[in-house]
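Have a look at the structure below before the remarks.
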Amino acid sequence: MKEMYCYLKADFKRSICSIKFILSVVLIICVLLFATQEGIALDTDVLYVFSIVMYGMPAMIILVCGSIAFADSLCEDLEQKYVLQQIIRGDLGKYVTARVLSIFITTIIVTALGVFLFSSILHINLPWVEISGLQYDHIIHAGGLRFFLIYRLYPLYYLCYGIQYGVLVGIMALWASCLSMYISNRMLVLSAPMIIYYFTDYALAEVSSGMLSLAVIFSPSNNLFLNDFLSVTLVIGIAVINLCLTRKIMVISLRSKVYE
């Protein structure tokens, strides 16, 4: 347990106390702000502008911006022999578990901060919501995280939106990190989240006859079961499965690379 704590402490310190952490947050904010210039009515409210911006390409680009600092971190550890140093001191399985958790959680924090700060910037000139607005009405009846809107906890709505969408970004960052151990091209690794998103989304649409998509599952603008608890539970369940799968792949790959 002590070894696990030390691994986690070291990994989170390296991730959060890094210029890459700040860069990822700034990139997310810049991408979203740039998207507001694409013919969106800026005389409405934050919820309307935010919902339009988070639909389509900007949301996909966030997958790259949010994971750009951490997707190739395991590859860097291998190149700098950092993995070997850590394994000698402790255990490969615990090291990988700590690395998976740090990548996943740090990516969620980055995404949540970027989304929240973007919405806060919009709020300088716009009200959080227009109660009579169509977007507000849609989310109240068919969206997620409605609790925060109903009780007028607007800043928390956008923060939690970023956290929930950050789970998807974190999952994509983990799979990109797995690919980084097999692919030497850094640009391909960093673009992997968008590529994985596209093919996964296509597969979901084919299997469900167009009823399911990653946006439907992970974006709080939608509510798959019309029940906040069930929708969030599904997101958590998918995250746990992906954490376990990527950890297993990383352990197998690192064991072959370190002990070869």
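The table for this structure:
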item	result
Test: residue in the range 127-141 that is among the aromatic types (F, W, Y) and surrounded by fewer than 23 Cβ atoms within 10 Å (Cβ to Cβ)	yes
Pair list, Cβ < 6 Å and 6+ apart or interchain, from the range 225-236 residues that are free of Cβ contacts under 8 Å to residues at least 12 places away in the same chain to residues that are open to solvent by less than 60 Å² (accessible area, probe 1.4 Å) and among the polar types (S, T, N, Q)	F225/S231
Only listed residue being farther than 29 Å from V46 by Cβ and not aliphatic (A, V, I, L, M), chosen from S213, S219, S209	S209
Selected residue (only one of S180, S191 is in contact with an Asp or Glu (Cβ under 9 Å, 6 or more places away or on another chain) and small (G, A, S))	S180
Residue that is farthest from G162 (Cα to Cα) [pool: residues in the range 204-225 that are assigned to a loop (DSSP other than H, G, I, E, B) and open to solvent by 40 Å² or more (accessible area, probe 1.4 Å)]	S209
Per-region count, the range 225-260, residues at pLDDT 90 or above and in contact with a His (Cβ under 9 Å, 6 or more places away or on another chain)	0
Count - residues of the range 1-49 that are within 14 Å of T111 (Cβ to Cβ) and open to solvent by less than 40 Å² (accessible area, probe 1.4 Å)	8
Single residue of the range 11-23 satisfying the filter (in contact (Cβ under 8 Å) with a residue 40 or more places away in the chain and either among the small types (G, A, S) or assigned to a loop (DSSP other than H, G, I, E, B) (or both)) that is farthest from I163 (Cα to Cα)	S18
Matching residues in the range 144-179 - criterion: being in contact with a Leu (Cβ under 8 Å, 6 or more places away or on another chain), over 14 Å from V110 (Cα atoms) and crowded, with 24+ Cβ neighbours inside 10 Å	Y157, L174, A176, S177
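Yes or no, residue by residue, for (1) at pLDDT below 85; (2) farther than 18 Å from Y161 by Cβ:
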{"position": "C6", "(1), (2)": "yes, yes"}
{"position": "V25", "(1), (2)": "no, no"}
{"position": "I28", "(1), (2)": "no, no"}
{"position": "L32", "(1), (2)": "no, no"}
{"position": "A35", "(1), (2)": "no, no"}
{"position": "I40", "(1), (2)": "yes, no"}
{"position": "K81", "(1), (2)": "yes, yes"}
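The values are calculated or read from the model by the stated rules, or taken from the named source; none is laboratory data. None of the values given here were measured: they were computed from a predicted structure. Methodologically, a virtual Cβ is constructed for each residue, glycine included, from the backbone with ideal geometry; neighbour enumeration extends over all protein chains shown. Just the protein is used for accessible areas: all its heavy atoms, side chains included, with ligands, DNA and RNA removed. Shrake-Rupley method; radii C 1.70, N 1.55, O 1.52, S 1.80 Å.
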